[in-house]
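Here is the structure we will look at, set down as structure tokens.
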Amino acid sequence: MRRETTSWYSHHLGMEMPLVAYGHAGYPLLMFPTAAADFLEYERFLLVDAIKPFIESGLLRAYSINSVNQYSLLNDNASPALKAELLTRYDRYVVDEVLPLIRKECGGDVRPLTTGASLGAFLAANCYFKHPDNFRGTIAMSGSYDIRSYLKNYYDDNVYFNNPMQYVQNLNDSYYLPILQKADSIVIVTGQGAFEAPTRSSQFSGVLHSKGIPHLCELWGHDVNHDWDWWRKMLPFYLGRFFG
């Protein structure tokens, strides 16, 4: 399996941002790490190995990037305003810096899938629902789609436009909503076991239903915990549907 790393100084974030790509060809998958983890997390926890058959067969090329969660949502020393601002700057990094690299390597105007687990599910979903014209869909595993609990009741435009539970609910425009209403690759999945919060997925699914956005929301069993063993099963299962 081909594995290539690169890094550059992001002018949107003011820091070096590394990236790793797996595979030689195929449809691009953009992976967002959990919590405060880094771009190599999915490799360390063997999630890359779990999707290796798709990669080695040339069906999939996976890209894994850093997040800014340690400076943003998970940073108790940062003000809520800064936390939200960093999410907006991170969004610009993904769209203006990472996406062009993916398109240069994978061709044309390809619209990558996004994926992530836990806090990475929020990042993956937020990226897709903000930019359905640039991304095809998302496989969001064990996520929460409302960030207000991290922000101590602070509220501004950066909060709103990075909070899928709100901006999707209020979406009534003639550009983004019609694209979302034709979606064919949205998966919201969670377990119901230890440390999972299935109501968060169900609530977000309800918002999508209310807007006529087609998607698959699945709650796996009560033995399915918020842990890597299950994410290593979930991601290849839903990729199998995508490529089936």
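Each value in this text was obtained by applying a stated rule to the coordinates, not by laboratory testing. Note that this is a predicted model, so its numbers are computed, not measured. No Cβ is skipped: glycine too gets one built from the backbone with ideal geometry, and neighbour counts run over all protein chains shown.
Summed over all non-identical Cα pairs, the Kirkwood treatment of the chain gives a radius of 17.9 Å.
In terms of packing, defined here as the mean over residues of other Cβ atoms within 10 angstrom, the peptides 238-244, 170-176 line up highest first as 238-244, 170-176.
Structure remark: mean-square fluctuation, Gaussian network model of the chain, C-alpha springs under 10 Å; the largest value among 21, 37, 194 belongs to 194.
Ordered by the number of other Cβ atoms lying within 10 Å of each residue's own Cβ, fewest first, 15, 234, 165 fall into the sequence 15, 165, 234.
Close Lys pairs in the chain (alpha-carbon distance under 28 Å; sequence gap of 8 or more, or different chains): 12.
Based only on other Cβ atoms within 10 Å, what is the fewest-to-most ordering of 104, 130?
104, 130
Please find, in a Gaussian network model of the chain (springs between Cα atoms separated by less than 10 Å), the residue of 179, 188, 147 whose mean-square fluctuation is greatest. Greatest mean-square fluctuation among the candidates belongs to 179.
Of the residues 188, 228, 137, the one whose Cα sits farthest towards the positive end of the charge dipole of the stretch 134-244 is 137 (charges of +1 on Lys and Arg Cβ, -1 on Asp and Glu Cβ, taken about the Cα centre).
For the stretch 1-133, state the semi-axes of the equivalent ellipsoid (square roots of 5 times the eigenvalues of the alpha-carbon gyration tensor), sorted largest first and rounded to whole angstrom. Walk me through the numbers on the way to the answer.
Working: eigenvalues 120, 51, 34 Å².
Working through the eigenvalues yields semi-axes of 25, 16, 13 Å.
Could you tell me the distance between the Cα centroids of the stretch 64-101 and the stretch 197-236, to the nearest Å? Between the Cα centre of the stretch 64-101 and that of the stretch 197-236, the gap is 24 Å. Can you find, among 39, 11, 101, the residue farthest towards the positive end of the dipole of the chain? Put +1 on the C-beta of Lys and Arg, -1 on that of Asp and Glu. The residue sitting most towards the positive pole is 101.
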